[in-house]
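Undergrad: Dumping the structure here so I can ask a few things about it.
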Amino acid sequence: MPDTQSAFIWYHTDNLNMAEMKEWLKLVKAQTGAKCKLYERRKDGKTTFMETYANISEATTIAIEGLAAAHPLFQGIDRRCESFLRIDKL
């Protein structure tokens, strides 16, 4: 899959409703086909969430971020997205 990448999307929030988050992940999978692994870190009074998506296209990454921009769950949350190509398999 030479045109695929992995996307890492992280954001800080202490007000994330986990039931709503599960619905968000279902929506992303239904709309884009991308399966997410979700991670959480609590450090220095701050909670960081990271969504990771493996083997997706750049268009899928853009679609995920478009869905997030329109979703009320992420209103007022600064999401940061980085995408990487896996080079050990080239």
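We did not get these values from a lab; they are worked out from the coordinates using the rules stated. If you're wondering where the values come from, they're calculated on a predicted model, not measured in any experiment. Virtual Cβ from ideal backbone geometry, glycine too; neighbours counted across all protein chains shown.
Undergrad: Treat every Asp and Glu Cβ in the range 5-84 as -1 and every Lys and Arg Cβ as +1, leave all other atoms uncharged, and give the resulting dipole magnitude about the Cα centre to the nearest 20 debye.
TA: Details: 11 positive and 10 negative charges, 52 e Å.
Roughly 260 debye for the range 5-84.
Undergrad: I need the phi-derived Karplus couplings for the range 72-83: 6.51 cos²θ - 1.76 cosθ + 1.60, θ = phi - 60°, integer Hz, Gly and Pro marked x.
TA: The phi angles translate into x, 4, 9, 4, x, 9, 8, 8, 10, 10, 10, 10 Hz.
Undergrad: Dividing the Cα convex hull volume of the range 31-70 by residue count, how many Å³ per residue is that?
TA: 81
Undergrad: Could you please tell me the mean projected area of the C-alpha convex hull for the chain, averaged over all directions and given in square nanometres to one decimal?
TA: 6.2
Undergrad: Provide the FRET efficiency to the nearest 0.05 for the L16-E82 pair, computing r from the beta carbons and using R0 = 22 Å.
TA: It comes to 0.65.
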